[in-house]
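Just so it is clear, none of the values below were taken in a lab; they were calculated from the coordinates. Just so you know, these numbers come straight off a predicted model, no measurement behind them. Here the Cβ is made from the backbone with ideal geometry for all residues, glycine too, and neighbour counts use every protein chain on show.
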Amino acid sequence: MGKRDKRRVVEPLGKVDDPRGFWQRLQQYQTWAETRQATARTLQTREEGLMDFLRWCDERGLFYPSEVTRPILERYQRMLFLYCKSNGEPLSVRSQRGRLSSVQGYFRWLNKQGLLLSNPAADLELPKEPYRLPKDVLSAEEVERVMAVPDTRTVAGLRDRAMLEVLYSTGMRRMELCALDLWSINAERGTVTIRCGKGNKERLIPIGRRALGWVRRYQAEGREELLYGKNSRVLFLANDGEGFSPGGLTHHVGRYIRLSGVRENGSCHLFRHTMATLMLENGADTRWIQTMLGHANISTTQIYTRVSIRALKEIHTATHPAGLECMEIDEPSALPDALQK
């Protein structure tokens, strides 16, 4: 059974009863964000980032947003840069940016609501996140090795094979897979409607016939046994009859990748990277991949054109002059004497 996400308990701090204090303003800010249909994940991430800042302020005797100045925010930014986690490693640039972005959004809202005369975080420069390619992608052969791990003679194995097939066929995110319901997949049209995409955006994407076949088989032979009499609309049910959490799904899929022997780590996103890369290598246009993945910006999708090293190597071998010359050398005797030694 997939592990459940553990949300950190948020303890009130500072001048809790003062309407002008950090805590009361934070509650107002979160309520405002909820009315604008921010996702639960966005709200939680934002709250966690802001609570780190509020604790830091509380330790320094700062209890009101009006007490925060630009130099204070720069000190906080410096602390994040120097901070070391329990394992001795520094915070990643991405983590630093996330915390600072939460603070920026909070003060921007306070200023727009007229609760602060000026925004001390308005011109705060965030650290530049280094450009990184996806760490790894699977080959088509490695994907098949992962697919072969679930024991499809069992209900859980049948469900897991169907989930892996959907991830590989569509490249959807883990939270999108968790949110699929009984009406998300249209087998007749061969499409999936993703209603809870990133940023609450909805999109319609294709799904392959093989994945559809496994989903049909799971629904016909396995899903009813996982319901335990419950009335759930969730498509993929965990062993307790409830839907998977994103964290639980990560653990679950990651275990199959390790058992296959193809990688020591990796999870749902590995299938997303793999699908995009292999489709590009087989001639798909970047714009189509952008639609499949639900990227708002084409530049995010273009990262996969740099991961498609196999296709690049084939083109290099077939077109580079030095490569062509080497192809014409059949016998060792054709090499210069110095190179034969």
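What to note about this one:
- Karplus-derived HN-Hα couplings along the range 225-233 (A = 6.51, B = -1.76, C = 1.60, θ = phi - 60°), whole Hz, x at Gly and Pro: 5, 7, 6, 6, x, 7, 9, 10, 9
- In this structure, the residue pairs whose Cα-Cα separation is over 29 Å, taken from 15/201; 128/201; 15/112; 112/201, are 15/201.
- Among 249, 212, sorting on how many other beta-carbon atoms sit within 10 Å of each Cβ, with the fewest leading, yields 212, 249.
- Principal semi-axes in Å for the range 22-112 [√(5λ), Cα gyration tensor, largest first]: 22, 17, 11
- Measuring how big the range 140-312 is from its alpha-carbon positions, Rg and Dmax come out at 15.7, 53 Å.
- Spatially, the range 209-228 and the range 234-273 are offset by 17 Å when compared through their Cα centroids.
- Taking amide hydrogens as placed 1.01 Å from N in the peptide plane, the amide H of residue 243 sits under 5 Å from those of 238, each at least 5 positions away in sequence or on another chain.
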